[in-house]
Amino acid sequence: QVQLVESGGGLVQPGGSLRLSCAASGIMFSIYAMGWYRQAPGKQRELVARISNDGSTNYADSEKGRFTISRENAKNTVYLQMSSLKPEDTADYYCNAAWALRSYWGQGTQVTVSS
């Protein structure tokens with residue numbers, strides 16, 4: 001059974017930082033591309049950052065320079081380090097694992113940026 005479990009969300013003030021984690025089980029983690037997506041209320045889910053199985057990364061334009069995605073294959077975990085957070089970063093953040101035609105999602109973790 002495939003499980004992706006996100007953690008690390010919460011309430012943070014504007015300008016603050018958070019690190020999200022996604023622990024995967026039931027997949028050969030190292031071959032999967034891993035991604036972080038987010039969905040704000042009333043909006044579509046959008047890509048935040050993605051890291052390929054070879055470690056190459058890509059980011060949404062609005063996150064470049066503020067967010068960093070990384071992976072630790074030995075722990076089957078992908079991270080999203082977020083800094084300089086803005087109120088518009090408030091959303092549910094979801095982890096995704098993708099390989100060939102397979103795609104799995106976590107349940108999400110909520111991030112609220114507010115003073």
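The values are calculated or read from the model by the stated rules, or taken from the named source; none is laboratory data. These numbers were taken from a predicted model, which means no experiment stands behind them. Just so you know, the surface numbers come from the protein's heavy atoms only, side chains and all, with ligands and any DNA or RNA stripped out. Shrake-Rupley method; radii C 1.70, N 1.55, O 1.52, S 1.80 Å.
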For the stretch 17-25, in residue order, the Karplus 3J(HN,Hα) values (coefficients 6.51, -1.76, 1.60; θ = phi - 60°; whole Hz; Gly and Pro = x) are 10, 8, 10, 8, 10, 9, 9, 9, 9
Build a GNM of the chain with springs between Cα atoms under 10 Å: which of R71, R45, R102 gets the top mean-square fluctuation? R102
Can you run phi through the Karplus equation (6.51, -1.76, 1.60; θ = phi - 60°) for the stretch 47-54 and list ³J(HN,Hα) in whole Hz, with x for Gly and Pro? 6, 9, 7, 9, 10, 7, 5, 9
Counting only the heavy atoms of the protein chains, how much of T112 is accessible to a 1.4 Å probe, in Å² to the nearest 10? 40
Going by amide H atoms built from the backbone, whose H comes under 5 Å of the H on N53, apart from near neighbours? A33
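Counting only protein heavy atoms and using a 1.4 Å probe, what share of the accessible area of the chain belongs to carbon plus sulfur, as a whole percent? Let's see the in-between values first.
Working: 2800 of 6170 Å².
Looking at the chain in its full context, I get 45 percent from C and S.
So what is the accessible area of the stretch 51-103 per residue, in Å², with the probe set to 1.4 Å?
Heavy-atom SASA per residue in the stretch 51-103 reads 52 Å².
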State the Cα centre-to-centre distance between the stretch 15-74 and the stretch 81-96 in whole Å. 10
For the stretch 71-83, in order, what is each residue's ³J(HN,Hα) by Karplus, 6.51 cos²θ - 1.76 cosθ + 1.60 with θ = phi - 60°, in whole Hz (x at glycine and Pro)? 9, 10, 4, 5, 10, 6, 9, 10, 10, 9, 8, 10, 9
Could you work out the mean projected area of the convex hull around the alpha carbons of the stretch 25-115, in square nanometres to one decimal? 6.3
